[in-house]
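Visitor: Can you read through this structure? Questions will come right after.
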Amino acid sequence: MIIFLEKMWLMVAIVCVILAIYKTIMIGYQDGLYFLLFALLAAVLFLLRRRMRIRMQNEQEKSS
């Protein structure tokens with residue numbers, strides 16, 4: 001489940017960056033900025049999930 005959530009946040013970040021580029025080119029910088037902020041938030045959540053997964057794997061290896 002943790003790996004799924006990690007990959008989900010990565011995909012959300014990628015999609016938001018693509019949408020931000022598209023909106024910036026077609027409409028303007030102001031609309032693209034919102035998607036860039038969402039992409040940044042999703043990237044931060046991805047990194048937090050990844051760190052949590054790695055920490056949990058290390059704890060499981062130590063207790064084995």
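The values are calculated or read from the model by the stated rules, or taken from the named source; none is laboratory data. Quick caveat, the model's predicted, so the values are computed rather than measured. Using ideal geometry, Cβ is built from the backbone for each residue, glycine included, and neighbour counts are taken over all protein chains shown.
Visitor: How about segment 27-63: which of its residues are assigned to a helix (DSSP H, G or I) and more than 22 Å from Met11 (Cβ to Cβ)?
Guide: Quick first cut of segment 27-63, residues assigned to a helix (DSSP H, G or I) only: 29-63.
Across segment 27-63, the qualifying residues are Tyr29, Gln30, Arg55, Asn58, Glu59, Gln60, Glu61, Lys62, Ser63.
Visitor: Could you check how many residues of segment 1-13 are without any contact (Cβ under 8 Å) to a residue 12 or more places away in the chain and either among the small types (Gly, Ala, Ser) or part of a helix (DSSP H, G or I) (or both)?
Guide: Of all residues in segment 1-13, those without any contact (Cβ under 8 Å) to a residue 12 or more places away in the chain come to 1, 4, 7-8, 11.
So of that shortlist, the ones also either among the small types (Gly, Ala, Ser) or part of a helix (DSSP H, G or I) (or both) come out as 4, 7-8, 11.
Count: 4.
Visitor: Taking only segment 37-54 into account, find how many residues are within 8 Å of the chain's Cα centre (by Cα) and not small (Gly, Ala, Ser).
Guide: Within segment 37-54, residues that are within 8 Å of the chain's Cα centre (by Cα) and not small (Gly, Ala, Ser) number 6.
Visitor: Kindly indicate whether any position in segment 1-21 is in contact with an Asp or Glu (Cβ under 8 Å, 6 or more places away or on another chain) and modelled with pLDDT under 95.
Guide: Checked against the condition, which is being in contact with an Asp or Glu (Cβ under 8 Å, 6 or more places away or on another chain) and modelled with pLDDT under 95, segment 1-21 yields no hits at all.
Residue-wise test of (1) in contact with a strand residue (DSSP E or B) (Cβ under 9 Å, 6 or more places away or on another chain); (2) exposed (fewer than 14 other Cβ atoms within 10 Å of the Cβ); (3) touching a residue at least 40 places away in the same chain (Cβ under 8 Å).
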{"residue": "Thr24", "(1), (2), (3)": "no, no, no"}
{"residue": "Gly32", "(1), (2), (3)": "no, no, no"}
{"residue": "Leu37", "(1), (2), (3)": "no, yes, no"}
{"residue": "Phe46", "(1), (2), (3)": "no, no, yes"}
{"residue": "Gln57", "(1), (2), (3)": "no, yes, no"}
